[in-house]
Amino acid sequence: MKNISYTLIFILVMSLLVGCQEKIQKSENKEQVEKPNILWIVCEDISPTLSFYGDSTAKTPNLDKLAKESVVYDNAFATVGVCAPCRSSIITSMYPTTIGTMHMRTGQDVQSWGNRSYKTKEELGRNDITGEPIRQYSAVIPAEVKCFTEYLRADGYYCTNNQKTDYQFAAPVTAWDENNRKAHWRNRPEGKPFFSVFNIDDTHESKLWKHENLPLTVNPDSVYVPPYFPDNAASKHMVARNYSNIELMDAKVGAILKQLKEDGLYDNTIVFFYSDHGGPLPREKREIYDSGLKTPFLIKDINSKTKGRTDRLISYVDLGATVLSLAGVKPPEYMEGKAFRGKYDAQKRDYVFGSSDRFDEYSDRIRSVRNKQFLYLRNFFPELPKYKDISYRKQIPMMSNFLKLEKEGKLNDVQQSWFETKTKEELYDCNNDPFNLNNLADDPKYAEVLGQMRTAFRDHYEGYADMGQMPETELIDIMWPGFKQPSTEDPNILYDNGKLAIECATEGASIAYIISDGPDKKFDFNSHWQLYTKPISVEKGKYIYTMAQRIGYKESGIITKKI
C-alpha cells in the first residue's frame, strides 16, 4: 500500500514538474516571440527642418507618413554638435566628457588586424591654443563600459550596423553580428529578434559640396535664410542644397521601410528615426546652440499603438539605455543615460547637457544646460571667438562669400556676432529666440532663471567626471602611455567534459569566438564573430578561434585550438 502511495505521489509530483516545465518553456517561447525588433534609421546633420516640425520646404512623403504613425519628440538633443563624439555617447550611453571621447576627432575608426597605422603629428597640425601637436589615437574608455549592443547580443538579438560607426574608437567585433555595407536584418538566423541600424549620409555636411553637380529639387528663391547668414544668392543656394539633400534622404528612408513591409515586419518592429546632431550649415554643425544640438526624433511603436507628440526632454546619452529597456534588458548601473521608453523607463529629465571641445585643429571648451525653455552656456575661454576657422567647414561653397563679407565689414550685427569673442555666460529664451541670438545673461529680469541654470550646471558637472578639462596631451599619456597603444592580452581557452570556457586577463576585454569544422579558415572583421558570455558546449574535433579586445586597445591575436 505504501509502495502504491509513493508511486502515486511520485507520478503526481512528476506531472506537476513536467507541467511547470512546459509552462516555463511556453513562457520562454512567448517571451522570445514577443521580443520586439528594433530598427534605427539615422541620417546625418539635420535640424528639425521637416514638415512635422512645421517646415515644409523639403518634400518628405516617407517621413511624413512615418511621423503620423509615431510619437514625435519636440525636445530631443544631441550631446555634441558633431558626429564622432556624439556617436560615442550613443553607442555607450555615456557622456563623451566622462569617457574621454569629447574631442573631434581622435583617430581612425577601423580595426587594425595587425595593420593599424596612425598619422604622424605633423600631418594633423597643432592645437590653436596650446601650440601642441595633435596626434591620432583611439580613445581608451573605462574598462566597464561596453557598446550597448553587446548586452542585446547576449540577450539573443541579432545586431547589424550599415555601416558608419565613428565612435572615436574602433568598434570591437563583439559589438555587432554584422558591421558593413551589406549588414541587414535579413541575414539573421531564423527566429532571432533584431536590432538593425541604417545610416544615411545624403544630408552630411560634405554633401553640400559633393552634391553640387546634382540638380536642386528645392528652388533657392523659395527658401528662408536664417538671420545669422547673409541673405544673398550664395546662402540661398546652400540652404536649398541642404533641403534638396533632405529630399534625397527621405527617399532612402522610404526604401528601408518598404523592405521592412515586404518582409512582413513593419507592424512588430519599433522604428526610430533621428539625425546624429543638428544641421550642416555654418553656425549649426559643431555649435552648442539649438542649431547644433536640437534634432528631429520620432519612434514608431509596435502596431503604431502610441502616436502623437511629446515635449519630454531626451538626450542622446539616453538612446542605448532606452533600446535595452525596450528589449526588456535592464541597463547596467554604470550607464549615465536613462531609458525614456520600455520596461525600465526612468524619471523624466528636467535638463539635458551638451559639450564642445576640440574640433579638428581648433580647441575650445563650452558646456551647455537646456531645459524646455532656456539654454545656458558656460564658456571656459570667453576670449576666443565663437567662429572657428576649420578647414573642413570652409569647403562649403557659401563660406568664401561669408568670410569675404566679414572681412569687408558688410555683415549686420547678428551675422557679425559669430565672429566676435564670447562672454563667460550666455542665456537664451528658446521659445522667443529660437536662433539663440539675444543673450539674456546680464538682464536683471532673468536673474532667477540664470541662477537656476547655474545650479543645474554645477550639480551636473560636479557629479560627473569632465575629462575635457584635462589637457589633451595628458589625456593621451594616460590612455596611451609613451604614446603606445595598449594591447589586449591573448585569450586563454579551457576545455573540460564537453564544455569550453574562454578567459582574458585584460580588464574590461570582450571575447569573440568562431567554431569551425576545419583548421584552414581565415577570418577578418566581417567573419560573424560570436560574443562569448558563458561556457559553451563544443563537440570533439571542432576548431575554436577566439580573440579579445578592450575598447581603445589593440585587439589580441587570434588564438586557435582543436578540441
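For the stretch 177-280, the relative contact order comes to 26 percent (Cα pairs under 8 Å, sequence separation of at least 6). Using a simple spin-label model with pseudo-atoms 7 Å out from Cα toward Cβ, Y53 and T423 lie 2.7 nm apart. Placing R0 at 45 angstrom, the Cβ-Cβ distance between D389 and E190 gives a FRET efficiency of 0.25 after rounding to 0.05.
Taking a 24 Å limit on the Cα-Cα distance, which of the listed pairs K386/K410; K236/K258; K258/K294; K236/K404 fall beyond it? Those over the limit are K236/K258; K258/K294.
Would you kindly give the portion of the calculated P(r) for the stretch 486-562 that falls above 17 Å, as a percent of all Cα pairs? Above the 17 Å cut-off, the stretch 486-562 has 41 percent of its Cα pairs.
Calculate the tail of P(r) for the stretch 226-312: the fraction of all Cα-Cα distances greater than 19 Å, expressed in %.
Value for the stretch 226-312: 55 percent of Cα pairs lie more than 19 Å apart.
Label separation (N232 vs A143): 5.8 nm, computed from points 7 Å beyond Cα along the C-beta direction. The label-point distance for E69 and Q416, in a model that sets each label 7 Å from Cα toward Cβ, rounds to 5.3 nm.
Here's the list of aspartates and glutamates a cross-link from K407 could span, going by alpha-carbon distance under 13 Å and ignoring same-chain residues fewer than 8 apart: E420. Segment N432..K499, full-extension length gain: 17.6 nm, with 0.36 nm per residue of separation and the alpha-carbon distance subtracted. For the pair F483 and D350, the difference between a 0.36 nm per residue extended length and the Cα-Cα distance amounts to 43.8 nm.
Taking the average, over residues, of other Cβ atoms within 10 Å as the packing measure, peptides 470-483, 195-208 rank 195-208, 470-483 from highest down.
Kirkwood hydrodynamic radius of the stretch 330-433, from the reciprocal of the average inverse Cα-Cα distance over all distinct pairs: 16.8 Å. Cross-link partners of K307 among aspartates and glutamates, defined as those whose alpha carbon lies under 15 angstrom from its own and excluding same-chain residues fewer than eight positions apart: D64, E69, D74, D267.
Measuring nothing but how far apart in sequence close Cα pairs (under 8 Å, 6+ apart) lie, relative to its length, the chain scores a relative contact order of 19 percent. Over the stretch 153-298, one equal point on each Cα, no solvent: what is log10 I(q)/I(0) by the Debye formula at q = 0.10, 0.17, 0.18 Å⁻¹? With no solvent term, the Cα-only Debye profile gives -0.46, -1.06, -1.13.
By a straight-distance test (C-alpha under 19 Å), which lysines pair with K164 as possible cross-link partners, with residues fewer than eight away in the same chain excluded? Result set, ordered by chain and number: K146, K182, K207, K210, K252, K285. Can you tell me the FRET efficiency between I515 and A251 if r is taken as the Cβ-Cβ distance and R0 is 41 Å, rounded to the nearest 0.05? Here the calculated transfer efficiency is 0.50.
Here the chain was treated as a single set of alpha-carbon atoms; its pair distances binned every 20 Å from 0 give 19, 51, 24, 5, 1, 0 percent.
Excluding same-chain pairs closer than 8 in sequence, count the lysine pairs in the stretch 445-563 whose Cα atoms lie under 26 Å apart. Eligible lysine pairs with Cα atoms under 26 Å apart amount to 29. Note on the chain: with charges restricted to the Cβ of Lys and Arg (+1) and Asp and Glu (-1), its dipole about the Cα centre is near 1440 debye. Efficiency by 1/(1 + (r/R0)^6): what FRET value for N213 and A447, r their Cβ-Cβ distance, R0 = 35 Å, to the nearest 0.05? E between N213 and A447, to the nearest 0.05, is 0.10. Cβ under 11 Å from D490's Cβ, D490 left aside: what net charge do those residues give with Lys, Arg +1 and Asp, Glu -1? Taking every Cβ under 11 Å from that of D490, the sum is -3.
Where a number appears in this text, it was derived from the coordinates with a stated rule and is not lab data. All values reported here derive from a predicted model rather than from experimental measurement. Every residue, glycine as well, gets a Cβ built from its backbone with ideal geometry; the counts of neighbours run over all protein chains shown.
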